[in-house]
Amino acid sequence: MSLSWLLETDSKSLRSMNGSRRNSGSSLVSSSSASSNLSHLEEDSWILWGRIVNEWEEVRKKKEKQLKDLVRKGIPHHFRAIVWQLLCNAQNMPIKDQYSELLKMTSPCEKLIRRDIARTYPEHEFFREKDSLGQEVLFNVMKAYSLVDREVGYCQGSAFIVGLLLMQMPEEEAFCVFVKLMQDYRLRELFKPSMAELGLCMYQFECMIQEQLPELYMHFQAQSFHTSMYASSWFLTIFLTSFPLPVATRIFDIFMCEGLEIVFRVGLAILQMNQTELIQLDMEGMLQHFQRIIPHQLESGPDKVIQAACQVKYNAKKMKKLEKEYTTIKTKEMEEQVEIKRLRTENRLLKQRIDTLEKKGAPRYSEESVLQLERELVQARLKEAESQCALKEMQDKILDMEKRNTSLPDDTNVARLQEELIGVKLREAEASTGLKELRQQVRGLEEHWQRHLARTTGRWKDTPKKNTMSELQDELMSVRLREAEAQAELRESRQRILELETQNQIHSNHLRRAELESRNLQERVQTLTVQNKDLHVQLQEIKRRQAEFECKSKEEVMAVRLREADNIAAMAELQQQISELEIEKEEGKVQVHLNHTDSSQYIRDLKDQISELKHEICCLKGKRGLANQPSFDGIHIVSHYVGDNESYQSSDEDGVKAPNLQVSQQRSSGRIKLLPNLGDTDSEEDEEEEEEEDGEALRLSVPPSGSHKSTSV
């Protein structure tokens, strides 16, 4: 029976079984026929999957669509282990030989793995008891993978996938299948610490809901019910923690054949089947529905949900487009985060600077400290460059050593060369032995020939009878010569055969060495390819570090600039404080002078100064004729006492108003008050103001200018 006929028979048997299930219960005959059809279907399925496993390469290449349909219908339990390994190409992996060595090593994730072992399938009999065989082999596989892939290490959720594999196959095969799943089925990207692939899957799944179930999508948005709240475990564990185990196992069959596409399909099919109920619930109700109601719905079997999932529209090109959109969005978010981080760093530095200023006052930063920081930064960069150069030199040396090691012959090649040498020496010994025998025969023939010549010299004197004997002896001699020639030719032929055999063996050895070198070169190419991937990963890591270093250098430059600005502000503040201290010093001098000097004597001195200043003004007016630009700060003094109308007034004759300096003294206490008067007034207005206030105040007004300060004591 051919494989294509078996495939057709399987599909027809499945349809007939479904028809018999629909008509079951009508009579006892129909029930018995249904059970008969079921047994025939199981028998045909076993035969079919046995043929598929035996002719796997041909089926995978030529019958891919039929194989996909068969996997969707379910893989028989006893064929699951081998079919899963064939689907992911996990048979005969080199890493399988390293498994026992990995178990002897120590992993940094052992505590985390031990902690989560008891939470993995707690109700399954294989993993239920503590320190059971199931928990031990599960720990071994997770530990071995954490040592193989140290970037991922161990992630919660992966243990459920490994546990399902261990239910079907031994731990070595489960380890190989899990490594293939992580590498080729996008699971490694899902389980990375950043979980960037999980965010991409959530974005793609949410866009599918928005396109195919818009009402449900709007309800989710209104309730702030994010996709990750219910669908993240679907992608991380392939429904193993959300659905009953038989249903999840059937979905995992399809996942092994089609990849993550089935997760999108089944997830959307679940939402389609429960859309009416979900729209009527709030956030908490929807969470309860996903955790309790949906698993209960699937207890009847996986056929309904798988059939609905196969009808879901899935556009691979659209998913690629969504992936590009998500990458663009994440890139912008990363740039914004970098900018926010930079601004936060600047803000933190400014806050630290403000706190320092508040605690210690205005700190003084010298240029030497700034230069020292710059020198340290340059030295750090030089050290980093030197370390990079040293690392590159070490890598070049390692590659050179590896090339030298590959050029040296290994033990097997030396043994083969020794065998060839021994064979050549043996053949040489045989040839030398044959040559000695030929030489002995030649010497014997020469002796016979000499005797024959000695006999033939006197033949003419002998009788005819003796001549006949001599002829017979000549013939015998010629026969012996021919025999010797034939033996010599035989020896030469044997020697030629030995030489040809030697050459044949040498050529075969050369051919074996060429094949061995070819295999070594292929392995070397594979190793170089892996090294190239590792170097590419290292290059990406170096670029990331370089970007971080550039960001840090920018932050350092910004910090230096901020320190320079702080230094300038501190210097300005110090200068202002110095100016204020000088002003306070001058004010103190004036106050001390006023406190220790008689007011009447001081008024007389001021009057004398005013008269001198008037005289100088007159002189300057006469000499320079400056009517509108005074060359000095005018001072007016008005002294009022109670009941005294005498006033002292000084003003420019051309109408230039000079500021007033007013001094008042109280009779009772003898206190003097100095008050600034920045306005320009004449003497009469000053007298009126003095009468309105108290009549006892002595006011001193100094005009504002660039070189004078107004002070009240």
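The values are calculated or read from the model by the stated rules, or taken from the named source; none is laboratory data. These figures come from a predicted structure and were not determined experimentally. Please note: Cβ atoms are built from the backbone with ideal geometry, for glycine as well, and neighbour counts cover all protein chains shown. Heavy atoms of the whole protein, side chains included, go into the accessibility calculation; ligands, DNA and RNA do not. Shrake-Rupley method; radii C 1.70, N 1.55, O 1.52, S 1.80 Å.
Contact annotation: residue pairs with Cβ atoms under 9 Å, 6 or more positions apart or on different chains, pairing a residue in segment 68-90 that is among the aromatic types (Phe, Trp, Tyr) with a partner that is surrounded by fewer than 18 Cβ atoms within 10 Å (Cβ to Cβ), are PHE79/TRP46; PHE79/GLY50; PHE79/VAL53. Note on segment 222-234: among residues that are over 17 Å from PRO295 (Cβ atoms) and in a helix (DSSP H, G or I), the one that is nearest to the chain's Cα centre (by Cα) is SER228.
Consider segment 261-300 and keep the residues that are β-branched (Val, Ile, Thr) and open to solvent by 10 Å² or more (accessible area, probe 1.4 Å). The one that is nearest to VAL312 (Cα to Cα) is THR276. Of all residues in segment 67-121, those satisfying the criterion of being of a type in the set (Asp, Glu) and more than 21 Å from THR237 (Cα to Cα) are ASP69, ASP97, GLU101.
Would you confirm whether any residue within segment 311-320 is assigned to a loop (DSSP other than H, G, I, E, B), more than 30 Å from the chain's Cα centre (by Cα), modelled with pLDDT under 95 and closer than 23 Å to LEU198 by Cα? Within segment 311-320 (the criterion being assigned to a loop (DSSP other than H, G, I, E, B), more than 30 Å from the chain's Cα centre (by Cα), modelled with pLDDT under 95 and closer than 23 Å to LEU198 by Cα), the answer is yes, since at least one residue qualifies.
Go through segment 119-143 and count every residue that is surrounded by fewer than 19 Cβ atoms within 10 Å (Cβ to Cβ) and of a type in the set (S, T, N, Q).
Of the residues in segment 119-143, 1 are surrounded by fewer than 19 Cβ atoms within 10 Å (Cβ to Cβ) and of a type in the set (S, T, N, Q).
Checked against (1) modelled with pLDDT of 90 or more; (2) in contact with a helix residue (DSSP H, G or I) (Cβ under 9 Å, 6 or more places away or on another chain); (3) open to solvent by 70 Å² or more (accessible area, probe 1.4 Å), ASN54 passes all but condition (2). Collect the residues in segment 512-524 that are hydrophobic (A, V, I, L, M, F, W, C) and surrounded by 11 or more Cβ atoms within 10 Å (Cβ to Cβ), keeping them in residue-number order. Residues satisfying the conditions are LEU516, LEU521.
So which of LYS614, LYS589, LYS621 is modelled with pLDDT under 85, open to solvent by 70 Å² or more (accessible area, probe 1.4 Å) and assigned to a helix (DSSP H, G or I)?
Details: LYS614 fails: modelled with pLDDT under 85; LYS621 fails: open to solvent by 70 Å² or more (accessible area, probe 1.4 Å).
Answer to the selection: LYS589.
Look at GLU499 and say whether it is acidic (Asp, Glu), open to solvent by 100 Å² or more (accessible area, probe 1.4 Å) and either in a helix (DSSP H, G or I) or within 18 Å of LYS392 (Cβ to Cβ) (or both). So GLU499 does not fit the description; no. Taking first residues from segment 549-566 that are open to solvent by 80 Å² or more (accessible area, probe 1.4 Å) and partners that are charged (D, E, K, R), the Cβ contacts under 9 Å between residues at least 6 apart in sequence or on separate chains come to LYS554/ARG342.
Pairs are defined by a Cβ separation below 8 Å, a sequence spacing of at least 6 or placement on different chains, a first member in segment 368-397 that is of a type in the set (D, E, K, R), and a second member that is surrounded by 10 or more Cβ atoms within 10 Å (Cβ to Cβ); the pairs so defined are GLU374/VAL560; GLU384/PHE549. Inclusion of GLN576 among residues that are modelled with pLDDT of 85 or more and either open to solvent by less than 80 Å² (accessible area, probe 1.4 Å) or assigned to a helix (DSSP H, G or I) (or both) is warranted.
Only residues that are closer than 19 Å to GLY157 by Cα, free of Cβ contacts under 8 Å to residues at least 60 places away in the same chain and open to solvent by 20 Å² or more (accessible area, probe 1.4 Å) were counted in segment 203-257, giving 6.
Looking only at residues of segment 240-290 that are assigned to a helix (DSSP H, G or I) and of a type in the set (Asp, Glu), we find that the one that is farthest from VAL71 (Cα to Cα) is GLU284. Pairing residues of segment 424-441 that are assigned to a helix (DSSP H, G or I) with residues that are of a type in the set (Ser, Thr, Tyr), at Cβ distances under 7 Å and at least 6 apart in sequence or on separate chains, gives VAL424/THR502; ARG427/THR502. Could you tell me whether any residue of segment 190-208 is on the phi > 0 side of the Ramachandran plot and part of a loop (DSSP other than H, G, I, E, B)? Yes, some residue in segment 190-208 is on the phi > 0 side of the Ramachandran plot and part of a loop (DSSP other than H, G, I, E, B).
Look at (1) at pLDDT 50 or above; (2) open to solvent by 60 Å² or more (accessible area, probe 1.4 Å); (3) among the acidic types (Asp, Glu) and you find that ASP44 fails only one, number (2). Considering only residues in segment 107-118 that are modelled with pLDDT of 90 or more and not in a helix (DSSP H, G or I), the one that is surrounded by the most Cβ atoms within 10 Å (Cβ to Cβ) turns out to be SER107.
Considering segment 144-157 alone, what residues qualify as being open to solvent by 50 Å² or more (accessible area, probe 1.4 Å) and assigned to a helix (DSSP H, G or I)? Full working, then the answer.
Start the filter on segment 144-157 by keeping residues that are open to solvent by 50 Å² or more (accessible area, probe 1.4 Å), which leaves 148, 150-151, 156.
VAL148 - this is the single residue of segment 144-157 that is open to solvent by 50 Å² or more (accessible area, probe 1.4 Å) and assigned to a helix (DSSP H, G or I).
In the condition set (1) free of Cβ contacts under 8 Å to residues at least 12 places away in the same chain; (2) touching a Cys at 6+ places or on another chain (Cβ under 7 Å), SER146 is compliant with all but (1). As for segment 71-82, it holds no residue that is under 18 Å from VAL152 (Cβ atoms), surrounded by 13 or more Cβ atoms within 10 Å (Cβ to Cβ) and touching a Lys or Arg at 6+ places or on another chain (Cβ under 9 Å). Only one of the listed residues (GLU376, GLU339) is modelled with pLDDT of 80 or more and part of a helix (DSSP H, G or I). That residue is GLU339.
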